[in-house]
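A.B. asks: Before I ask anything, let me first share the structure, which is written out below as structure tokens.
The values are calculated or read from the model by the stated rules, or taken from the named source; none is laboratory data. Values in this document were obtained by computation on a predicted structure and should not be read as measured data. Quick reminder, even Gly has a Cβ in these numbers, built from the backbone with ideal geometry, and neighbours come from all protein chains shown.
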Amino acid sequence: MLVCSCNFITDKDIEDTIVSLLDEDCWQLIVPAKVYHAMEKRGRCCGCFPNVVDIIIRTTEAYHAQRDSTEAEVFDFMTRLKEFHEENRRADVERRRKAHRAA
Ligand code: FES
């Protein structure tokens, strides 16, 4: 399924890149910009980023479910990952609100 129409990136491309990043360091926090940088792409309109965040969370959960990670480690990591993305989402909304007011 096409996720990013600006760069013609599919969900499979994104999932494969996330797995490669997790293979390098399974506890790193992955953000859409990191995924796109690894694919040598960049966000243009960035409208796909919320979907990319969902794919990051889903793929990271599946990755750790297949590993020897303990439930406590995975729970702690996934909680931090979701909080991190939620904070970024709130910051994006606030930035758009300020830009809208300035316009
Ligand atoms: S849809 Fe992905 S950058 Fe525009």
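A.B. asks: Can you tell me which residues in region 1-57 are part of a loop (DSSP other than H, G, I, E, B), closer than 30 Å to Asp68 by Cβ and at pLDDT 95 or above? If you could, list the steps in order and put the result at the bottom.
C.D. replies: Residues of region 1-57 part of a loop (DSSP other than H, G, I, E, B): 1, 5-8, 25-31, 39-48.
Cutting the leftovers down to closer than 30 Å to Asp68 by Cβ gives us 25-31, 39.
Of everything in region 1-57, just one residue is part of a loop (DSSP other than H, G, I, E, B), closer than 30 Å to Asp68 by Cβ and at pLDDT 95 or above, namely Met39.
A.B. asks: Condition test on Arg67, is it assigned to a loop (DSSP other than H, G, I, E, B) and in contact (Cβ under 8 Å) with a residue 24 or more places away in the chain?
C.D. replies: Details: assigned to a loop (DSSP other than H, G, I, E, B): yes; in contact (Cβ under 8 Å) with a residue 24 or more places away in the chain: yes.
Judged against the criteria, Arg67 is a match.
A.B. asks: Would a scan of region 56-68 turn up a residue that is over 15 Å from Leu21 (Cβ atoms) and surrounded by 14 or more Cβ atoms within 10 Å (Cβ to Cβ)? Talk me through it step by step, then tell me what you get.
C.D. replies: Taking region 56-68 as the starting set, the residues that turn out to be over 15 Å from Leu21 (Cβ atoms) are 65-66, 68.
Still in the list and also surrounded by 14 or more Cβ atoms within 10 Å (Cβ to Cβ): none.
For region 56-68, residues over 15 Å from Leu21 (Cβ atoms) and surrounded by 14 or more Cβ atoms within 10 Å (Cβ to Cβ): absent.
A.B. asks: Look at region 17-55 and say how many of its residues are aliphatic (A, V, I, L, M), crowded, with 18+ Cβ neighbours inside 10 Å and within 14 Å of the ligand (Cβ to nearest atom).
C.D. replies: Matching residues across region 17-55 total 4.
A.B. asks: Tell me whether region 9-16 contains one or more residues that are within 11 Å of the ligand (Cβ to nearest atom) and not acidic (Asp, Glu).
C.D. replies: Filtering region 9-16 for residues within 11 Å of the ligand (Cβ to nearest atom) gives 9, 14.
From the residues that got through so far, the ones that are not acidic (Asp, Glu) too are 9, 14.
Yes, the conditions are met somewhere in region 9-16.
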